[in-house]
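Heads up: the structure comes next, in structure tokens.
The values are calculated or read from the model by the stated rules, or taken from the named source; none is laboratory data. Everything quoted here is computed from the prediction, not taken from an experiment. Using ideal geometry, Cβ is built from the backbone for each residue, glycine included, and neighbour counts are taken over all protein chains shown. The area values use the complete protein model at the heavy-atom level, side chains included, leaving out ligands, DNA and RNA. Shrake-Rupley method; radii C 1.70, N 1.55, O 1.52, S 1.80 Å.
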There are 2 protein chains.
Amino acid sequence: MTSLQHVNPRVKAIRVTPHSGLQSLAAHITRKIALGVQKPFKEVIDVSSGDPHKAGMKPVSFVRQVLAVCLYPELLKDNQLPLDVRQRAQRLLQACDGDSVGSYTDSSGFTHVRQSIAEFIMRRDAGVPSHTKDIFISAGSHSALVVVVKLLAGVEGEIQTGVLTPTPGPHTLPKLLDECGVTMVPYQLMEDQGWTLDLDELHRALMVARGHCNPRAIYISNPGNPTGHVQDRKSIEEVIQFAAAERLLLLVDEVYQESVHGQGREFISYKKVLFEMGKEYSETVEMVSFHSVSSASFGECGLRAGYMEVVNMDPEVMHYVETLLCTNICAPVTGQLALDLMTNPPKPGDSSYDTYTQELVLIRTTLSQNARRAQEFLNDLPGMSCQSAMGGIYLYPRLHLPSEIIEQAKKSEVEPDVLYCQRLLEGEGVLVGAGCQYGEKTGKHHLRLCTLVPPDTLDEVLARLGSFHLRLMSGTTSP
Amino acid sequence: MTSLQHVNPRVKAIRVTPHSGLQSLAAHITRKIALGVQKPFKEVIDVSSGDPHKAGMKPVSFVRQVLAVCLYPELLKDNQLPLDVRQRAQRLLQACDGDSVGSYTDSSGFTHVRQSIAEFIMRRDAGVPSHTKDIFISAGSHSALVVVVKLLAGVEGEIQTGVLTPTPGPHTLPKLLDECGVTMVPYQLMEDQGWTLDLDELHRALMVARGHCNPRAIYISNPGNPTGHVQDRKSIEEVIQFAAAERLLLLVDEVYQESVHGQGREFISYKKVLFEMGKEYSETVEMVSFHSVSSASFGECGLRAGYMEVVNMDPEVMHYVETLLCTNICAPVTGQLALDLMTNPPKPGDSSYDTYTQELVLIRTTLSQNARRAQEFLNDLPGMSCQSAMGGIYLYPRLHLPSEIIEQAKKSEVEPDVLYCQRLLEGEGVLVGAGCQYGEKTGKHHLRLCTLVPPDTLDEVLARLGSFHLRLMSGTTSP
């Protein structure tokens with residue numbers, strides 16, 4: 001029998017975040033309610049993860065209609081479905097082997113879809129060239145990142161490869177790096193300046209890292225998860241210059257590129273900036289950018305599809321990207337087709353154009369109004385301060401907790417922000433993310449809330465959170 | 001810039017099979033035909049992979065109808081769809097967070113679907129208990145196997161973990177083990193006895209392995225890929241006794257369990273045999289069994305979903321199975337739902353029952369008739385001999401090649417069976433798998449053909465293959 005002592009030490013070293021503990025508690029409370037146990041709330045609302053459909057956001061009709069027809073081509077005859085839906089489904093089916101979404105695709109994904117993605121990137125970046133051969137489709141941006149990190153990992157026992165990662169940053173990163181045997185090299189984002197990247201801090205992190213690992217890449221989240229910060233051109237240029245000078249591979253998580261809502265702020269891709277910095281950079285700086293159907297306005301997390309664009313990688317190295325994708329067989333076909341719809345949406349004149357546009361405007365307006373409203377509300381609470389989010393689907397307010405609570409957390413051997421989240425969940429049935437999941441270790445405490453939820457749901461979340469928070473701060477609820 | 005010398009040595013060590021070379025050649029020929037280049041055939045027919053839809057097999061209507069409704073719930077109102085389709089879709093949607101297939105699920109998969117799977121296993125195994133907590137859903141059986149193999153892998157630099165694997169065996173195995181840093185320990189299947197497992201050979205392989213790695217598991221493919229052999233109860237008991245005595249984890253690939261078509265032969269699961277061998281075995285022998293929607297009669301390869309059932313694993317070790325699944329986020333939701341339909345099909349009285357049953361009978365009859373017909377045809381060819389397949393979707397005939405061809409292959413530095421496949425592809429536009437992809441290294445040469453294809457397609461494949469083979473054997477075509 002496989003005993004614990006025989007389990008791969010690298011697997012044992014994968015760190016567990018408090019996220020799953022909070023999720024289990026939420027599931028436990030939900031089960032109790034179903035059994036008739038009385039609680040001060042009717043149901044648990046989960047705004048801890050970036051899962052808009054779970055929170056009640058509606059899928060985009062065009063996407064679902066086309067996928068339904070692709071799955072069941074008899075619907076090609078259904079005149080109640082818009083003409084362009086049926087035409088698109090027909091074209092996509094023709095690209096499938098045997099005209100079926102049940103066939104395998106190339107490991108790098110459908111050539112047809114990779115082409116749509118390359119054209120989308122060129123339009124987005126005002127003509128900066130993008131090539132189908134540099135686009136790789138995977139089962140989500142996370143899977144694509146795993147491929148690149150695996151490629152960079154060193155031999156066990158020898159000095160590890162390091163990747164610079166933002167604090168705070170996506171909670172999935174530490175596990176991913178642990179699993180690949182790569183050292184996480186945290187750099188701190190500047191909360192007081194609205195969560196900007198600071199060049200001195202990058203240099204500091206790199207210098208410290210050089211003592212104990214081989215830093216080979218820097219991970220950037222822009223628009224920022226969980227911070228909501230969106231970099232301006234100057235900041236992106238600085239990071240590119242830093243990566244060039246230090247010979248680091250740029251891993252750019254741009255999955256929230258469609259979700260920029262800060263006034264006067266627009267999304268500029270790293271690739272566009274890179275190509276506008278001249279050949280010295282555009283022909284040398286190695287970069288991989290990630291995007292996905294989960295994080296776009298579609299919010300199609302369950303379809304599991306994303307892609308990466310690889311820039312300036314040695315073709316001999318790129319060969320191993322293909323080898324690794326190949327060992328994964330291929331990404332789910334329905335997800336791949338959704339990527340095609342995301343990057344090549346209905347055009348003016350198409351029968352679905354108006355509905356599609358209205359649905360997307362509604363999603364984006366909801367996000368931007370929610371973000372503003374929630375931020376104002378949180379900033380009005382005592383002991384809470386929230387930087388304005390310019391993009392992404394999260395707010396990341398800071399908690400200034402009374403010392404009794406910090407003491408109580410110490411006694412219970414739990415992080416103060418986790419204790420806060422547990423109490424909020426038990427008292428008000430609201431699940432939010434605890435800052436320590438996102439790498440915070442500086443004695444500062446934060447929460448993460450997803451704001452891409454129906455406005456009514458947000459109202460309910462804020463009301464419950466506000467009520468709990470005021471009780472806690474006034475000492476009328478036990479910490 | 002990441003240079004070749006910096007690429008993870010483990011990634012560099014992943015072996016490349018000739019499969020991709022033959023696939024590229026096939027794609028090249030297809031492109032030429034599209035450009036108007038004259039060939040003696042109108043199109044390339046690919047029977048090299050187990051991809052029934054690609055080869056022209058039709059999807060099962062019930063599966064596609066339910067998935068279409070789940071994706072686009074407006075179809076719940078469509079009275080042209082069978083009532084049970086709409087009812088099932090409604091129930092599945094209720095199991096999805098936010099009633100949407102766009103939400104994430106637990107990393108181990110939908111509890112609802114895991115329950116359907118456990119009930120299916122219990123029915124299949126005449127009541128042997130199966131528990132939802134032991135079922136893990138993943139993006140295909142391959143991904144599930146990766147999780148278990150990663151768990152077993154040792155520390156690099158130290159002596160490697162070994163897994164006993166069949167020769168011939170699935171062509172995806174060597175890459176998978178390479179990527180996880182695990183040594184492949186081949187055991188030879190007995191062609192002359194219809195590709196049976198031989199106990200002495202298992203002992204021999206294990207003894208040799210103990211000199212250079214830590215053998216910790218044995219991989220079994222039953223029904224066999226590519227051999228088509230189906231083990232009887234006695235053979236399964238012997239393997240279980242061997243695994244028990246040698247303290248090996250049993251990794252049982254049972255993905256073709258529905259495709260047993262040999263006369264008088266039925267599928268018996270390893271789990272059922274294990275539980276009928278008494279407590280000495282049923283409470284101690286550690287086993288993982290794999291199944292998937294790709295390999296079932298559904299042939300839904302593009303949906304990417306499978307599952308494993310874990311038996312007798314230490315709960316503390318099992319915890320790390322969950323940890324590893326968690327780093328993969330979750331399996332695609334449409335695929336997970338297809339697993340529910342596979343394990344809980346329409347029942348007598350349901351409106352879809354008759355159609356579903358007819359479609360499945362047609363698929364299974366096609367497979368069984370094709371297998372018999374192809375085997376007879378191949379055995380009638382000079383220089384070709386084919387064991388009868390009892391299950392699975394492949395035939396694996398042996399080639400007795402003239403010495404000129406073997407000489408020619410040597411000169412071209414290519415395996416003789418690969419040369420055969422290249423010439424067959426170029427001359428007749430038929431793509432089959434070369435035996436060396438499945439681990440054959442004994443100087444014996446084989447081909448693998450998928451037989452789950454429309455009968456017309458099989459006719460065409462056999463006619464072209466026969467014509468090429470006769471020319472080759474008579475020396476009227478250049479080798």
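Things to note:
- Qualifying residue in the range B:310-328 (condition: over 30 Å from A:D99 (Cα atoms), of a type in the set (F, W, Y) and facing chain A (nearest Cβ under 8 Å)): yes
- Of all residues in the range A:382-389, one or more are hydrophobic (A, V, I, L, M, F, W, C) and touching a residue at least 60 places away in the same chain (Cβ under 8 Å).
- Of the criteria (1) in a helix (DSSP H, G or I); (2) touching a Phe, Trp or Tyr at 6+ places or on another chain (Cβ under 7 Å); (3) open to solvent by 10 Å² or more (accessible area, probe 1.4 Å), which one A:S108 fails: (1)
- Any hit, the range B:75-92, residues being assigned to a loop (DSSP other than H, G, I, E, B), of a type in the set (S, T, N, Q), under 30 Å from A:S61 (Cβ atoms) and at the interface with chain A (Cβ under 10 Å from one of its Cβ atoms): yes
- Whether a residue is closer than 25 Å to B:V260 by Cα, within 27 Å of the chain's Cα centre (by Cα) and not assigned by TED's automatic domain parsing to the domain that holds B:L176 was assessed, and B:C450 passes this test.
- Where a residue in the range B:300-328 is in the same structural domain as B:H142 (by TED's automatic domain parsing) and farther than 24 Å from B:V66 by Cα and its partner, wherever it lies, is acidic (D, E) and at pLDDT below 95, with Cβ under 8 Å and at least six apart: B:L324/A:E179; B:T327/A:E179
- Residue list for the range A:157-176, filter: open to solvent by less than 10 Å² (accessible area, probe 1.4 Å) and facing another protein chain (nearest Cβ under 10 Å): A:T161, A:L176
- Yes/no for A:E179 being facing chain B (nearest Cβ under 10 Å), more than 17 Å from A:T323 (Cα to Cα) and open to solvent by 40 Å² or more (accessible area, probe 1.4 Å): no
- Considering the range A:330-440, the qualifying helices (runs of 4 or more DSSP H), each wholly inside and each with 2 or more residues that are crowded, with 23+ Cβ neighbours inside 10 Å, run over A:333-343, A:353-380, A:416-428.
- The number of residues in the range B:57-75 being in contact (Cβ under 8 Å) with a residue 12 or more places away in the chain and open to solvent by 30 Å² or more (accessible area, probe 1.4 Å) comes to 4.
- Residue within the range B:3-13 that is among the small types (G, A, S) and either more than 11 Å from every other protein chain (Cβ to nearest Cβ) or part of a helix (DSSP H, G or I) (or both) present: no
- Failed item in (1) open to solvent by less than 30 Å² (accessible area, probe 1.4 Å); (2) over 17 Å from the mean Cα position of the chain (by Cα), with B:E238 passing the rest: (1)
- Test: residue in the range B:40-52 that is outside the structural domain of B:Q422 (by TED's automatic domain parsing), surrounded by 23 or more Cβ atoms within 10 Å (Cβ to Cβ) and within 22 Å of B:L452 (Cα to Cα): no
- Residue satisfying all of: in the range A:311-329; in contact with a Leu (Cβ under 7 Å, 6 or more places away or on another chain) and of a type in the set (S, T, Y); farthest from B:R304 (Cα to Cα) among these: A:Y320
- All conditions but one from (1) more than 25 Å from B:G427 (Cα to Cα); (2) touching a residue at least 40 places away in the same chain (Cβ under 8 Å); (3) assigned to a loop (DSSP other than H, G, I, E, B) apply to B:E43; the one that does not is (1).
- Just one residue in the set B:G154, B:G162 is touching a strand residue (DSSP E or B) at 6+ places or on another chain (Cβ under 9 Å), assigned to a loop (DSSP other than H, G, I, E, B) and in the same structural domain as B:G109 (by TED's automatic domain parsing); that residue is B:G154.
- Looking across the range B:274-299, the residues that are within 14 Å of chain A (Cβ to nearest Cβ) and not in a loop (DSSP other than H, G, I, E, B) come down to B:L274, B:E280, B:Y281, B:S282, B:M287, B:V288, B:F290, B:S292.
- Considering the conditions (1) under 25 Å from A:I329 (Cβ atoms); (2) within 9 Å of chain B (Cβ to nearest Cβ); (3) of a type in the set (S, T, Y), A:S108 is excluded by exactly one of them, (2).
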